[in-house]
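This report concerns only the one structure given below.
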Amino acid sequence: MAFDEELAGRVRKRLARNKGLTEKKMFGGLAFLLNGNMCCGVHRRELIVRLNPVQTAAALAGSHARIFDLSGRPMKGWILVEPAGLVDEPALTK
């Protein structure tokens with residue numbers, strides 16, 4: 001499985017009302033772009049989330065989140081959320 005199609009569908013449904021939404025295969029998964037800028041994506045079974053870098057510490061304080069690091073070079077302002085943190089729609093929205 002390259003990426004979780006069910007999670008991608010949930011994200012797609014959540015973002016559908018946004019004009020300028022496109023999808024692109026990246027990172028071995030699926031990226032969602034708003035007006036050409038990646039806002040989130042799905043990598044395997046995890047959600048990739050772009051956020052303001054100053055919000056990173058607060059996001060990591062919550063459970064099921066970690067720094068986005070697939071290559072040994074962590075990306076500031078990007079986190080991965082494990083499936084346990086995406087169990088329902090309110091969790092996905094958060």
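The values are calculated or read from the model by the stated rules, or taken from the named source; none is laboratory data. Predicted, not measured: the structure shown is a model, and the values here were computed from it. Virtual Cβ from ideal backbone geometry, glycine too; neighbours counted across all protein chains shown. All accessible areas refer to the heavy atoms of the entire protein, side chains included, with ligands and DNA or RNA removed. Shrake-Rupley method; radii C 1.70, N 1.55, O 1.52, S 1.80 Å.
Provide a single number: the residues in the range 26-38 that are open to solvent by 30 Å² or more (accessible area, probe 1.4 Å) and in a strand (DSSP E or B). Number satisfying all stated conditions: 3.
Among the residues of the range 43-73, those identified as open to solvent by less than 80 Å² (accessible area, probe 1.4 Å), within 21 Å of Ala2 (Cα to Cα) and free of Cβ contacts under 8 Å to residues at least 12 places away in the same chain are Asp69, Gly72. Take Glu23 and decide whether it is out of contact with any Pro (no Cβ under 8 Å at 6 or more places or on another chain), in a strand (DSSP E or B) and free of Cβ contacts under 8 Å to residues at least 24 places away in the same chain. Yes: the conditions hold for Glu23.
Take the conditions part of a helix (DSSP H, G or I) and either more than 16 Å from Ala84 (Cα to Cα) or of a type in the set (S, T, N, Q) (or both) and apply them to Val11. Does it pass? No; evaluated as a whole, the condition is false for this residue. One residue stands out among those in the range 74-83 that are out of contact with any helix residue (DSSP H, G or I) (no Cβ under 9 Å at 6 or more places or on another chain) and among the aliphatic types (A, V, I, L, M): the one that is surrounded by the fewest Cβ atoms within 10 Å (Cβ to Cβ), which is Met75.
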